[in-house]
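Visitor: Could you have a look at this structure, given as structure tokens, before my questions?
None of the figures in this text is laboratory data; all of them are computed from the coordinates on show. Predicted model only: the values in this text are computed from it and were never measured. Heads up, the Cβs are rebuilt from the backbone with ideal geometry, glycines too, and the neighbour counts pull from every protein chain shown.
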Amino acid sequence: MTQRRQPFVHPYIPNSVPQAKEEILAELNAESADEFYEDIPQDLRVVNELNLPEPLLSEHALRHHIDGLLAKNQSASELLVFRGAGCYHHFVPAVCDEVNRRSEFLTAYAGEPYDDHGRFQALFEYTSMMGELLNMDVVNVPTYDGFQAAATALRMAARITDRHQLVLCGTINPAKLSKIQDYCRPGLEVVLLPSDPIAGIPDLAQLESLVTDQTAAVYLENPGFLGIIEGRGPEFAALAHRHGALCVVAADPISLGVLTPPADYGADIVCGDIQPLGIHMQYGGGHAGYIATRDEERFVMEYPSRLFGIAPTAVEGEYGFGDVAYERTSFAVREQGREWVGTAAALWGITAGVYLALMGPSGMVELGETILSRTRYAMGQLEKTSGLRVRYREQPHFREFVVNVDATGSTVAEINDRLLERGIVGGHDLSASLPALGRSMLICVTEVHRQEDIDLLAHTLAEVL
Amino acid sequence: MTMRDIPSERCQDGRPRLRRFHQARWDEPIIFELSRQGQRGVLVPQTKDGIRDQVGNVLETLPPGMRRSVPPALPELAQPHVVRHYLRLSQENLGADVNIEIGQGTCTMKYSPKVHDQLAASPKMADLHPLQDERTVQGILEIVYRFEQILKEISGMDRFTFQPGAGSAAIYTNVSIIRAFHASRGEADVRDEMITTIFSHPSNAACAKTAGFKVITLYPDRNGYPEPAALAAAVSERTAGLMITNPEDTGIYNPKIAEFVRIVHEAGGLCAYDQANANGILGITRARDAGFDLCHFNLHKTFSAPHGCGGPGGGACGVSRDLERFLPVPLVSRDGDHYGLDHDLPDSIGKVGPFYGNLPVVLKAYAWVMNLGARGLREVAEVAVLNNNYLLNRMKEIPGVTVPYAPWRRIEQVRYSWEELARETGVHSEELGVRAADYGLHYWTSHHPWVVPEPFTLEPTESPSRADLDEYVAVMRQVAEEARTDSAMVKGAPHRSTIHQIDHGPLDDPSQWAMTWRAYRKKVARSLSKPPEACDRCT
Amino acid sequence: MARCDTKRIGLIVNPVAGLGGRVALKGSDGVAIQQKALLLGARPEAGRRTAAALKELEYLRDRIEFLTYPAEMGEDILRAAGFAFRVVGQIRGSRTEAIDTREAAARMTQMGVDLILFAGGDGTARDIHDALGLGQPVIGIPAGVKIHSAVYGTHPRSAGELARLFLERNDTRLQEREVMDVDEVALRSGRMSARLYGFLSVPVVHHLVQAQKAPSPVSEQTVLQAIALEVVELMESDCLYLLCPGTTTRAVAARLGLAKTLLGVDVVSQQALLAQDATEEQLLALMSGRRAYIIVAPIGGQGFLFGRGNQQISPAVLGLVDKERIVVISTPDKIFALRGEPFLVDTGDPELDRALTGFVPVITGYRERIVYRIAC
């Protein structure tokens, strides 16, 4: 039965205007859209209208509603946030937002490397800049986030070596570990070598006993989840290679202005998250993952993601781009491809490219130095605060460090509550997820924290403890 | 002197002339070629004396070998040059906002409202740390919770997660939940087969394979969808589940979907509904009513969030009550007026992403539904279907176009075939699509394999006007005609785009492929007898 | 003396191929049928279709030298299309016959050609096969009625395009493709009957168009190995396995370290070869009292699983095997090439044929299946 409902004219739907709709219906020789739903059985049809909230039809009303909800949030512009643990408050240059808000980029999708040449070039430039940062020749078009990048890097290692065991070293973000374990469940064995709780870093002698000729990869993070900079990278890599395994290192690209790129100390596959490179935190909605390797066919053929390559065109001196070895991917051969590939985080890749172009070599070096300095300064200041014990003092740290509060008699949650009353978001509470550390928090300091901010943190802690 | 009536010259014989389009062509070098030593794009907070006095030269505290010896060879540009470069690249990109983007079938390239982007850019969304105390983020948590209620109503499912980064990640999440369900009943080893269809998105098959399943693929019959008998031949006591899309990429709705679900349930498997193609059925039919146990939506498709050149998007997975406990942690819960993150799911599959998903995308999807309401969603679906069938009728009139399977109606998209034209002219579908770029348009062919030969898939959505649809058809007709009269020109396209025809040869040759500028420079240098000369004064 | 970048193509046109189709006669073998067709007003299709294929080679005109045969066997068409050519033989009688095709092919190969392009149907393919066997690259321009041999392009233009790409590019390799023997007498009385006759070497080109993302020949090898791995893993030690003809089953044998005949049925058990190119009697003898599986791949361009012409896999042999023990294997590409048309069976026993129809899960890779329909 045809229902003639009241017309619903909406700015986003040009053919909702009655006259326009009538013309279309007339062309179709139809009374209503109902006729085109005839293949849908009656018993599967929704009878009435969906029970959804009353619409806010005017743009003003919509804005008012959403702004009202967002007003209940307090952002890092209003609070002083000393929390990291996988998402970082770094400075976002205005030009980064300028570029990723251009709707030519924002609303594009899967055009050809002709009509979407701009996107291809921007992403090729991103992978190229990452290549310089990482000192590697192959970098992927971004995957979803650093967790996916690590999980895929490990499975790539398994495919390349045709082995099934993965040895993960050091203290790993429990959330990341949960992802890796779910992802590596089919046919792979994940073996953990935790950090020594006293030294804060894993024991190489123990690693030697765990790595066998069935080990596909030895994995470590540098800097680690707790902020520690691992200086024995070459030894990890050498140990892996001695047993025919690959060395997989997860590294935050923002540290690579001052820290040696993992490829230089023997890493075969490097992975991580590019959120710190000019992307707002967005409550965890600003992540993208990178994977990088040498330019060897046996590595390249195991990437599941798209790989953009540069190519000549019919005109001298003109560049074009396209997919490299497309037949690896599930796009080309479905389940016969490597893992799978889909829409992930391309816009963040473009953004990270803009960031790196703005920063240049000097910017990355200076940024690295300033973060190292502020981290060390913060460790020093908090050390002086009675009741707090900064862990792993003898290890060098980048951006994050552990502060134990056992001696204060309070829980981390209680301390953070008191800090919050004063507009400060303290370190991430590790008490439940890493109980070996006792009651501890992970403090994060970046270039956005001025000396006064760090002093305020120390001062406030002294007050509330 | 008589003035010229320009608007009238845009029409001839009562119909609009084709647009004399030319895409922006800047001949823009790779950014490394624009580098000039010493230039700075942005300055960084420096280490002030107060800190330096305390910490000294911090670089000397790094372990030996960990101090980067040579700064990364990033390009050095002044800020205006960075801006200019990227804006030029953006001009060389045909985003959906600037073109009649109905050619990307299955991608649902509808209008992405600008007000949503502005709302998501607010510091009160953009500058939230995901581990902030819940009390400081009640706004975003409430938005997530409210949007979950909305999707529950739209789909009939009982619980949603937004943690997957986009559609394929959502498919994987659902596969992982199915795996966990059977494992919880001690049947992990027995139920190792996943069934899907050849028209489904490749990720359905690929995610199942990645998760360790054997993949069984059904083929369509003459109607364009598999027969129940084919499914019956595929199910057994080893069946873990069925992953299916309806309507499929052809735009054809499988009327026997409930029977499909029944067959799989009787065999003890679960059914997951890939709802990437939901735009034509919002408010018309629901996943749960057909018996599905799981479903997923692409928030950057049906729900209007922009596609971002290929992400970030948003994947929303919905499950029935029985499967709630397997969802990735945390879920958003409500206790009176307080919204919180619930990590207490001991049977959870764990995490599929670092935090809670791409919540700015959830915000945009929420805003879209709040703006349209139930009546609006119904209008979206119906107009999308009307637009699609109008387009179908007009496209069928073009000589050389055929429509496989029943050609008289579709839901929201259609897979067409240029096979007749290809047979006649030797010009292939992909070549025709590239020639369309010379008119500012684009289309997507099909997923592989090309079950429909010489395919192209169009999905208008509710966003275009009739004039937009007519313009698209006019260009398709023109390109087809050009294939007949000047096939060499069409095969040599594009001619009015940013670049000319690409030589794809190097992309599959390990000795020539280059995925970074540094790799390219190395390989070029190796293949030349002398090193290439750098010209300092260029650009 | 040819310049090094000049390519030589042998062109052989069977002028009576396809003669019968337009006037609803099935096939055109035999003088009597040809005359009947001509009387009914049929015009030979082969010449027109060859010209369509040659259009794809036009811009390579200066770099191709054709070797061909007189008049309608190629000379006339090449002259009309403006290509350089040499006539290298003679037509024996007053009409062209199979022997002319065979002699032409043999002569051209002996003189050295990069490619033999031939126009015709299944009969022509058989004649080319008889003269050449494997090794010499060939491409068929379809001019016959429904063709079963897999050595032809889907239509004349695609044959021409394949030829052009083969000559232009370095990334081609040769694939063995089936030549089928269709019983035209049976066909004309309403029975479909085809059997595997032999194989010819046909180029496989990675990209059919500049941007078409089709799987490469390298990945085709990977697929075959994956299928073979799956089949071998499923083999039980106490069973017999009958490996039917074809390249896919050959890959299974290779996985076991065994050489396999392309055209025959080989029997394997405990990973060892019990019989090669077995006859029906030998099969029945081996199968007596033992559990047996039949491993079969679709043959030819029309997806035949069992044809009446498979003398070895007779209804008696099939009768000893439960339907579930008939294992169908195929690369995905072969299935896609069927364009939705079902696999075919024609055992000679209509009841058996009916019992075999339905849906079968085809092994298409490691832990991968496509469910496909069998019809009769």
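Visitor: In straight Cα distance, which aspartates and glutamates are under 16 Å from A:Lys72, not counting same-chain residues fewer than 8 positions off?
Guide: Once the sequence-local aspartates and glutamates are set aside, what remains near A:Lys72 is A:Glu421, B:Asp127, B:Asp133, B:Glu134, B:Glu142, B:Asp337.
Visitor: Using DSSP to define loop residues, name the GluC sites (Glu not before Pro) in region B:185-288 whose beta-carbon has at most 14 other beta-carbon atoms within 10 Å. All intermediate terms of the calculation are to be shown ahead of the outcome.
Guide: On the way: sites: B:Glu187, B:Glu193, B:Glu237, B:Glu248, B:Glu259, B:Glu266; in loops: B:Glu187, B:Glu237, B:Glu248.
Qualifying residues, ordered by number: B:Glu237.
Visitor: For the protein assembly as shown, with the dipole built from +1 on Lys and Arg beta-carbon atoms and -1 on Asp and Glu ones, taken about the Cα centre, which of A:Ala175, C:Val327, A:Thr446 lies farthest toward the positive end?
Guide: C:Val327
Visitor: To the nearest 20 Debye, how big is the dipole of the protein assembly as shown about its Cα centre, given +1 on the beta carbon of each Lys and Arg and -1 on that of each Asp and Glu? It would help to have the intermediate numbers written out before the result.
Guide: On the way: 138 positive and 172 negative charges, 358 e Å.
Here the size comes out at about 1720 debye.
Visitor: Could I ask something else about it? Using the charge dipole of the protein assembly as shown (Lys, Arg: +1 at Cβ; Asp, Glu: -1 at Cβ; taken about the Cα centre), state which of C:Ala254, A:Met136, B:Asn277 has its Cα farthest towards the positive end.
Guide: Highest projection toward the positive end goes to C:Ala254.
Visitor: Among B:Ala169, A:Leu419, B:Gly38, which residue has its Cα positioned farthest towards the positive end of the charge dipole of the protein assembly as shown, with +1 placed on the Cβ of Lys and Arg, -1 on the Cβ of Asp and Glu, and the dipole taken about the Cα centre?
Guide: The residue sitting most towards the positive pole is B:Gly38.
Visitor: If you count the DSSP beta bridges with both ends in the protein assembly as shown, what percent of them are antiparallel, to the nearest 5?
Guide: The answer is about 50 percent antiparallel.
Visitor: Using modelled backbone amide H atoms (1.01 Å from N, in-plane), which distant-in-sequence or interchain residues come within less than 5 Å of C:Phe85's amide H?
Guide: Under 5 Å from the amide H of C:Phe85 lie the amide H atoms of C:Phe66, each far enough along the sequence or on another chain.
Visitor: Here is a follow-up. Using amide H atoms built 1.01 Å from N in the peptide plane, name the residues 5+ places from B:Glu76, or on other chains, whose amide H lies under 5 Å from its own.
Guide: Correct list: B:Ser35, B:Arg36.
Visitor: Give me, ordered by chain and number, the residues 5 or more places off B:Tyr416 or on other chains with an amide H under 5 Å from its own placed amide H.
Guide: Close amide H contacts, sequence-distant or interchain: B:Phe456, B:Thr457, B:Leu458.
Visitor: Follow-up question, since we're still on this one. According to the square roots a ≥ b ≥ c of the eigenvalues of the Cα gyration tensor, what is the shape class of region B:159-371, taking rounded for a/c under 1.5, prolate for a/b larger than b/c otherwise, and oblate for the remainder?
Guide: oblate
Visitor: Of all GluC sites (Glu not before Pro) in region A:1-94, which ones are in loop regions per DSSP and have a Cβ with at most 15 other Cβ atoms within 10 Å?
Guide: A:Glu31, A:Glu38, A:Glu49, A:Glu78
Visitor: Quick check: Cα centre of region C:353-368 to Cα centre of region C:103-127, how many Å?
Guide: First find each Cα centre; the distance between them is then 36 Å.
Visitor: With labels modelled as points extended 7 Å from the Cα through the Cβ direction, what inter-label distance (nm, one decimal) is found for C:Asp238 paired with A:Glu296?
Guide: 4.8
Visitor: If you don't mind, another one. For region A:184-197, in order, what is each residue's ³J(HN,Hα) by Karplus, 6.51 cos²θ - 1.76 cosθ + 1.60 with θ = phi - 60°, in whole Hz (x at glycine and Pro)?
Guide: 9, 4, x, x, 10, 10, 9, 10, 9, 10, x, 5, 5, x
Visitor: Given Cβ point charges of +1 (Lys, Arg) and -1 (Asp, Glu) and nothing else, what value in debye, to the nearest 20, does the dipole of region A:249-380 about its Cα centre take? Numbers along the way, then the final one.
Guide: On the way: 8 positive and 16 negative charges, 86 e Å.
The dipole magnitude comes to about 420 debye.
Visitor: For peptide A:258-271, compute the average count of partner chain beta-carbon atoms within 10 Å of each residue's beta-carbon.
Guide: Mean inter-chain Cβ contacts per residue within 10 Å come to 2.
Visitor: Here's a follow-up. Within region A:315-389, list the trypsin sites (Lys or Arg not before Pro) lying in a DSSP loop whose Cβ has at most 12 other Cβ atoms in a 10 Å radius.
Guide: A:Lys384
Visitor: Just counting partner chain Cβ atoms within 10 Å, what average do the residues of peptide B:390-398 show around their Cβ?
Guide: Per-residue shielding by partner chains comes out at 2.
Visitor: OK, next. Got a sec to turn the phi values of region C:122-138 into Karplus ³J(HN,Hα) couplings, 6.51 cos²θ - 1.76 cosθ + 1.60 with θ = phi - 60°, whole Hz, x for Gly and Pro?
Guide: Karplus values, whole Hz, x for Gly and Pro: 4, x, 4, 4, 4, 5, 4, 4, 4, 7, 10, x, 8, x, 7, x, 9.
Visitor: With each pseudo-label sitting 7 Å past Cα toward Cβ, what's the C:Arg86-B:Asp49 distance in nm, one decimal?
Guide: Each label point lies 7 Å from its Cα, and together they span 9.3 nm.
Visitor: While we're here: Averaged over peptide A:426-432, how many Cβ atoms belonging to another chain are found within 10 Å of each residue's Cβ? Present the calculation step by step, with values, prior to reporting the outcome.
Guide: Working: counts 1, 1, 2, 1, 0, 0, 1.
Other-chain Cβ atoms within 10 Å of each residue's Cβ, averaged: 1.
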